[in-house]
1. Do the conditions hold for A:R86, that is, is it more than 14 Å from chain B (Cβ to nearest Cβ), more than 28 Å from A:L11 (Cα to Cα) and either surrounded by fewer than 19 Cβ atoms within 10 Å (Cβ to Cβ) or over 15 Å from the mean Cα position of the chain (by Cα) (or both)?
2. Mind checking which residues of segment B:140-154 are surrounded by fewer than 23 Cβ atoms within 10 Å (Cβ to Cβ) and within 7 Å of chain A (Cβ to nearest Cβ)?
3. Looking at A:A64, A:A20, A:A31, A:A38, which one is crowded, with 23+ Cβ neighbours inside 10 Å, farther than 16 Å from A:M104 by Cβ and at pLDDT 95 or above?
4. Only residues that are out of contact with any Ser or Thr (no Cβ under 7 Å at 6 or more places or on another chain) and either within 30 Å of B:I199 (Cβ to Cβ) or in contact (Cβ under 8 Å) with a residue 60 or more places away in the chain (or both): list them for segment B:89-107, please.
5. So which pairs qualify, if the first residue must be in segment A:105-120 and in contact (Cβ under 8 Å) with a residue 24 or more places away in the chain and crowded, with 17+ Cβ neighbours inside 10 Å, the second must be among the acidic types (D, E) and not in a loop (DSSP other than H, G, I, E, B), the Cβ gap must be under 8 Å, and the two must be at least 6 apart or on different chains?
6. Here are A:G183, A:G219: which of them is within 13 Å of another protein chain (Cβ to nearest Cβ), modelled with pLDDT of 95 or more and over 30 Å from B:P173 (Cβ atoms)?
7. From the list A:V44, A:V57, pick out the single residue that is under 24 Å from A:V270 (Cα atoms) and modelled with pLDDT of 95 or more.
Amino acid sequence: MKSESRLEKILSAGKFAVTAELGPPKSADTAVINKKAAYLKDVVDAVNVTDNQTAIVRMFIGAACSLIINLGLEPILQMVCRDRNRIAMQSDILGASALGIKNMLCLSGDHQKFGNHPQAKNVYDMDSVQLIGMVKKMRDEKKFFCGDEIKVEPRMFIGAAENPFGDPFEFRAVRLEKKINAGADFFQTQAVFDIDKFEKWMEMVRARGLHKKAYILAGVVPLKSAKAATYMKNEVAGIGMPDAVIERLQKAADAKEEGIKICVETIERVKKIEGISGVHIMAIEWESMVPAIAEKAGLLPRPGVN
Amino acid sequence: MIVAERKPMEELLQMTAPFGKILVAGCGACVTVCMAGGEKEVEVLSSLLLIERKKNGKELEARKHTVERQCEPEFIKDLDPRAEGVEMILSMACGVGVQYLAERYPKIPVYPALNTKFMGGPVQQGIWTEKCGGCGNCILSLTGGICPIARCSKSLLNGPCGGSENGKCEVDPKNIDCAWQLIFDRMKNLGKLEILAEIQPPKDWSYARDGGPRKIVREDAVL
């Protein structure tokens, strides 16, 4: 085992993993975390704690992760390259490990243009591929990026993201491979709405044998309304929202219920794809629906680990 | 070249308001080519300032002169007789030129009339884009002659990120091409896609501005 991570244990045991997302509050209020964590406890194997997602200031990821550990959940600390240079990143990784955090997801991060401080200067000292390599070096070689020795290394299960729906499509599997070569142990993909395209991407992934080198968790997002789906189609680049999904939500008597149904169907379909090791349920500000989705998709109860 | 753009008129009026006798100094290099601070722009700006002053009933003497390059002491000497007795100099050069003038005239305030934008060039008449980030350690051989540092919104060295769609960058799909799509297309045409499969290590930013203000000393050229 590369880490003491529960997620790693589940995946390496060949069990279908389930992760979800918990966005820290835009305040110092721990009650929000307690509430969201309660929905997710015993429903998922690990919980991604997002790092100032969409470049909106939120509670520090290390603190939010620590809080959910105390509530009995296993966090996946998301770290973006937008706000930290290599000095701050390594410092935060050491601190994260000291707090008992065993999983990381390495991301380039949403550009600050989309957030609430578009006037900010970004960092991008490193990109996500390079961050993955640095975490691996810290863990496996017990060395900082500069080569200095680390006496007690951070033992992280290293995650990365990939967007099968971004362009250029034919480069997406290659980029996944780059991240594997850099040191990624698992992937959580961008939300899957266009399952046919996702299957095509997975074909490319399997052709390179990448599904045997890293665990791939398919991302899913339950949609609340046709309006939300249309917004994503028009405003979020590389989302790949099929018109058929929007139409289904438009025609439905209860759009929220239909959104959950679509999400469950997506899970059932991706589960059958060779090389998919789990799902990552991103119920954005809708964490309360995760138990129902997991239940309906037959993902409960979650397996125990030793 | 260095591409610049004139500051908004309102800001320039405010800047010049306290002064009665000014020198509007143009530059014959980059900012002439990008139509921001050459002889013609000096004429236009001076006229606009005079018109505004007349409207307000206040006197303004605006001297005008454009030197070949404001970024070389040799050329700015030409401004000496015109600078004699002025209360401020409004430089229409890039930030480099403004600083050379400030150095030459310790007793005269020198203000910038332009916002210096980037190192780049024209796409077509009237449109310029950024091309070079001045990182101090060029990697264009690895990226098909397209700079991801200057042209990718996140300066990724192992791009593209998930926000590339139809060749455009999510930061501003109308105006920004995805540099990594351009790099991919170019490398594909060159039959060199295998280079993009290699991991580019983190950059040594000490060659860039991050290492402190930079200086080049060419022993063979020093007199």
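The values are calculated or read from the model by the stated rules, or taken from the named source; none is laboratory data. Source: prediction; values computed, not measured. As a convention, Cβ positions derive from the backbone with ideal geometry for all residues, glycine included, and neighbour counts pool all protein chains shown.
1. no
2. Correct list: B:S153 only.
3. Being crowded, with 23+ Cβ neighbours inside 10 Å, farther than 16 Å from A:M104 by Cβ and at pLDDT 95 or above holds for just one of A:A64, A:A20, A:A31, A:A38, which is A:A20.
4. Residues satisfying the conditions are B:I89, B:S91, B:M92, B:A93, B:V96.
5. Filtered contacts from segment A:105-120: no entries.
6. A:G183
7. A:V44
Yes/no matrix, rows are residues, columns are (1) closer than 22 Å to A:L176 by Cα; (2) at the interface with another protein chain (Cβ under 10 Å from one of its Cβ atoms); (3) of a type in the set (S, T, Y):
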| position | (1), (2), (3) |
| --- | --- |
| A:D127 | yes, yes, no |
| A:R139 | yes, no, no |
| A:K143 | no, no, no |
| A:K151 | no, no, no |
